[in-house]
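Encoded as structure tokens, the structure appears first; notes follow it.
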Amino acid sequence: MSRAELPSRRSLLAAAVVTAVAGSAGPASAGTPTAGTPTGHATDTAGRTAARPVDNRSWTSYTDWRGGTAVGTRAVVGVRPGLLIARPVGTTDYTDPHTGRTAAWEYATWTSPVHRLRVPATEVIASWNAHTPAGTWLQTELKGTYSDGTDTPWYVMGRWAAGDQDIRRTSVDDQSDGKSTVWTDTLSVDDAASGLRVVSYRLRLTLHRRPGTRLTPTVWRLGAMGSDIPDRFTVPASVPGLAGELIVPRYSQEIHKGQYPEYDNGGEAWCSPTSSQMIIEYWGGRLTEEQLSWVDPSYADPQICHAARHTFDHQYEGCGNWPFNAAYAATFDGLAGVVTRLGSLT
């Protein structure tokens, strides 16, 4: 789908958030079920367990990685267990649609076990955390099964690298099977009113590197959020109440209006990377002077320019791809990023 055909990113992801968490400090946000609160449920303020139309599943541990189907990849232990290339299984040519350049890449794959959603979903969003040194990149795919027993094709949910020197970070348009469509970063059932839902899925990683090198991406987290939420215009407004304030850095995307047209021109278009950078710095993530050296020194808050560049989706032509924002957050030491929907803001 072209950007002109896309629904508003604000409406599409109005309830989706990227959560940056320090180390393992936030497993409930990270999509791994926590003791006492099963995925797909939330506890209300009176202590009652209420249905929550969201399912999260992440693969993060050595055992998780060992539980998938590895073809040329292997799991590694450590403080942050991960998945990397052990022995490439082949070479593929990739023509970057945004540069026109064709290059050969060695690759290896990993496929997750089938995950059955506790909440049959109208939307599924994959996200990942990875280290992709220069000369490497990854592709994430998702294959779902519908409630009528049929399967989706393998949908590409993102081609990603932290930098932009090898490939241009991108979503993939024009993916549909007549029952669901990928809208930038979201697999969405075309006709939710029909009752059709995605009831299970598998994820597939393809790790790429320059031929003849020992380079490898390392993936620390892979997962997806499935949800079945009502149309936002049918939900009554919540009752206002007291809120806590997080003392995040105060940045504004509006002061960047007109900056870096190649990354969508600042201003309102940079709401996502600005929000992400505020959360990242709240958790202690910092950029170095060297990392910011490319930014025009006359621009205030250069870290916002940096965040925009490193979350920019060259197909969507904007910075509002939330899995890319989550992956960007995870490039900072000690941080993890996921995309999920919250049951409430309390």
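Specify the residue that is farthest from Ser176 (Cα to Cα); the eligible residues are those in segment 112-143 that are assigned to a strand (DSSP E or B) and more than 17 Å from the chain's Cα centre (by Cα).
Per the stated criteria, the residue is Thr136.
Scan (1) surrounded by 14 or more Cβ atoms within 10 Å (Cβ to Cβ); (2) out of contact with any Phe, Trp or Tyr (no Cβ under 6 Å at 6 or more places or on another chain); (3) at pLDDT 95 or above for the single condition Gly334 breaks and write down its number.
(3)
Output the residues belonging to segment 204-224 that are buried (at least 23 other Cβ atoms within 10 Å of the Cβ) and either touching a helix residue (DSSP H, G or I) at 6+ places or on another chain (Cβ under 7 Å) or part of a loop (DSSP other than H, G, I, E, B) (or both).
Listed by number, the residues that qualify are Thr216, Pro217.
For segment 222-248, which residues satisfy the criterion of being touching a Phe, Trp or Tyr at 6+ places or on another chain (Cβ under 9 Å) and in the same structural domain as Gly158 (by TED's automatic domain parsing)?
Answer for segment 222-248, where residues must be touching a Phe, Trp or Tyr at 6+ places or on another chain (Cβ under 9 Å) and in the same structural domain as Gly158 (by TED's automatic domain parsing): Leu222, Gly223, Ala224, Gly226.
Checking Ile167 against (1) touching a Phe, Trp or Tyr at 6+ places or on another chain (Cβ under 6 Å); (2) surrounded by fewer than 19 Cβ atoms within 10 Å (Cβ to Cβ), which single condition isn't satisfied?
The single condition Ile167 does not satisfy is (2).
Can you pull out every residue in segment 153-185 that is over 28 Å from Arg210 (Cα atoms) and hydroxyl-bearing (Ser, Thr, Tyr)?
Within segment 153-185, Ser176, Ser180, Thr181 qualify.
Which members of segment 180-203 meet the condition of being part of a loop (DSSP other than H, G, I, E, B) and buried (at least 17 other Cβ atoms within 10 Å of the Cβ)?
Thr184, Asp185, Leu196, Arg197 - these are the residues of segment 180-203 that are part of a loop (DSSP other than H, G, I, E, B) and buried (at least 17 other Cβ atoms within 10 Å of the Cβ).
Going by the structure shown, is Ser200 within 23 Å of Val338 (Cα to Cα), touching a strand residue (DSSP E or B) at 6+ places or on another chain (Cβ under 8 Å), of a type in the set (Ser, Thr, Tyr) and at pLDDT 95 or above?
yes
The values are calculated or read from the model by the stated rules, or taken from the named source; none is laboratory data. Predicted model, so just to flag it, every value in this text is computed and none were measured. Note that we place each Cβ from the backbone using ideal geometry, even for glycine, and neighbour counts take in every protein chain shown.
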